[in-house]
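Undergrad: Right, I'll just put the structure down here and ask away after.
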Amino acid sequence: VIGVVAAMLTGFAYAELITKYPHAAGAAMYAGRAFDNRFFTFLVAFCMVAASLAAAGALALAFGGYFLELLAELLTLPLLLTALVFVVVLAYINFRGISESVKANLAMTITEVVGLALVLVVGVVVLLSGEANLSRPFEFNEGSNPALLALTGATLAFFAMTGFENAANVAEEVQNPSRVYPRALLGGMASAGIIYLIIAFIASMVVPTGRLAGSEVALLEVVRQGLPAFPGWLFAIVACVAITNTCLVALITNSRIMYGMARENVVPRIFARTHQSRRTPWVAIVFTTIIALILIVGVGEEGVNTLASATVVFLLTVFALVCLCALLLR
């Protein structure tokens, strides 16, 4: 709840700024307009690219976990190799164009909603069977400060709140962004916040917290526990599609930030170069994809939490700056 409320405040700032400046580069461009300092603008751009790259790396590794679970009975593949190939394939979709990316995004979002609906069904089934542990979602680790634990959870929840910057960086590729964006950002955040809260409650109500935390396929554990007869491979497919959706958006964001900053002369102009036929920023796409691949190799197979935590740190810094920029530019 704390995380969603804080994110909603950030959403108001983004809605105002995107309406004023519907261009690629997002937070970095807002900082440039507000502070008129190229070095500071570069730092904001660096933080946002780092956040998106870390998010893409974490999501690629999470995809590998579900994908290998799906293929467990057929063959064994290295998790790192799976994550690397996954990123390269998504980079190609990004290169093909924003229209292709959005169509893929829409199809995957529908599949994702179906998967979340299945988790809701699991929650209802477990609740009606009397096997639900309704107290577990409200338990805190023994010997720890409840307020500090709640704040830590709210901070980590920001890993799911990267959508503001993602949306801002494709503003100039959208028709009538000044009218569309406020509704999309605030409506989307309200809907997502409610869904996240329900899913989190159901997950901890159905599966012991320690087992959830130690699993590479957390929501699959919920389905297995609540609906043992449901084919796990089917939900693994849904989970793979959901992660693919979010990772594709993160990779698009990376390239658009570099493209936008190149047009603002904050990073070398070569990153603003677009492909002659596809009209996509191919230099920025290649560069950010290579960095994402290096990150994945660098953190290794156990690096999901490391990358998620790094994402949160960068995002909180950037979001605080965006709120300040909104006030200064007003």
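Undergrad: Please specify each residue of the range 49-84 satisfying the condition of being in a helix (DSSP H, G or I) and loosely packed, with under 14 Cβ neighbours inside 10 Å.
TA: Selection gives LEU81 alone.
Undergrad: Farther than 20 Å from VAL88 by Cβ, of a type outside the set (Ser, Thr, Tyr) and touching a Pro at 6+ places or on another chain (Cβ under 7 Å): does that describe ALA310?
TA: No.
Undergrad: In the range 274-288, which residues are open to solvent by 20 Å² or more (accessible area, probe 1.4 Å) and either within 30 Å of VAL217 (Cβ to Cβ) or outside any helix (DSSP H, G or I) (or both)?
TA: Listed by number, the residues that qualify are THR274, HIS275, GLN276, SER277, ARG278, ARG279.
Undergrad: Within the range 142-165, track down each residue that is polar (S, T, N, Q) and either more than 22 Å from ILE2 (Cβ to Cβ) or in contact with a Leu (Cβ under 8 Å, 6 or more places away or on another chain) (or both). Before you say what the answer is, go through the steps one by one.
TA: Taking the range 142-165 as the starting set, the residues that turn out to be polar (S, T, N, Q) are 144-145, 152, 155, 162.
Residues satisfying the conditions are THR155, THR162.
Undergrad: Here's another thing I want to ask about it. Can you work out which of the residues in the range 234-258 that are hydroxyl-bearing (Ser, Thr, Tyr) and within 14 Å of GLU165 (Cα to Cα) is surrounded by the most Cβ atoms within 10 Å (Cβ to Cβ)?
TA: Taking the range 234-258 as the starting set, the residues that turn out to be hydroxyl-bearing (Ser, Thr, Tyr) are 244, 246, 253, 255.
Still in the running and within 14 Å of GLU165 (Cα to Cα): 246, 253, 255.
Numbers: THR246: 23, THR253: 29, SER255: 27.
Checking each candidate, the answer is THR253.
Undergrad: Would you please name the residue that is farthest from ALA25 (Cα to Cα), looking only at residues in the range 167-196 that are crowded, with 21+ Cβ neighbours inside 10 Å and not hydrophobic (A, V, I, L, M, F, W, C)?
TA: By that ranking, first place goes to TYR181.
Undergrad: Return a yes/no flag: does the range 143-155 have any residue that is surrounded by 15 or more Cβ atoms within 10 Å (Cβ to Cβ) and within 30 Å of LEU17 (Cβ to Cβ).
TA: Yes, the range 143-155 has at least one match.
Undergrad: Same structure again: Looking at the range 2-20, can you tell me whether even one residue there is within 26 Å of VAL283 (Cβ to Cβ), among the β-branched types (Val, Ile, Thr), without any contact (Cβ under 8 Å) to a residue 40 or more places away in the chain and surrounded by fewer than 18 Cβ atoms within 10 Å (Cβ to Cβ)?
TA: Checked the range 2-20: no residue is within 26 Å of VAL283 (Cβ to Cβ), among the β-branched types (Val, Ile, Thr), without any contact (Cβ under 8 Å) to a residue 40 or more places away in the chain and surrounded by fewer than 18 Cβ atoms within 10 Å (Cβ to Cβ).
Undergrad: Based on this model, can you work out whether ALA45 counts as part of a helix (DSSP H, G or I) and over 17 Å from PHE271 (Cα atoms)?
TA: For ALA45, the condition - part of a helix (DSSP H, G or I) and over 17 Å from PHE271 (Cα atoms) - is not met.
Undergrad: Identify the residue in the range 85-97 that is over 21 Å from GLU301 (Cβ atoms) and surrounded by fewer than 18 Cβ atoms within 10 Å (Cβ to Cβ) and, among all such residues, is modelled with the lowest pLDDT.
TA: GLY97
Undergrad: Oh, and also: Identify, by number, the condition in (1) over 28 Å from LEU197 (Cβ atoms); (2) part of a helix (DSSP H, G or I); (3) touching a residue at least 60 places away in the same chain (Cβ under 8 Å) that ALA25 doesn't meet.
TA: (2)
Undergrad: Now for a separate question. Do we find that GLU173 is under 21 Å from the mean Cα position of the chain (by Cα) and touching a residue at least 60 places away in the same chain (Cβ under 8 Å) in this structure?
TA: Yes: the conditions hold for GLU173.
Undergrad: Every residue in the range 99-141 that is touching a Leu at 6+ places or on another chain (Cβ under 9 Å), farther than 30 Å from VAL249 by Cβ and open to solvent by 70 Å² or more (accessible area, probe 1.4 Å), please.
TA: Across the range 99-141, the qualifying residues are LEU127, LEU134, PHE140, ASN141.
The values are calculated or read from the model by the stated rules, or taken from the named source; none is laboratory data. Worth saying up front: this structure is predicted, and the values here are computed from it rather than measured. Backbone-built Cβ (ideal geometry, glycine too); neighbour counts: all protein chains shown. Ligands, DNA and RNA are excluded from the accessible area calculation, which covers all protein heavy atoms including side chains. Shrake-Rupley method; radii C 1.70, N 1.55, O 1.52, S 1.80 Å.
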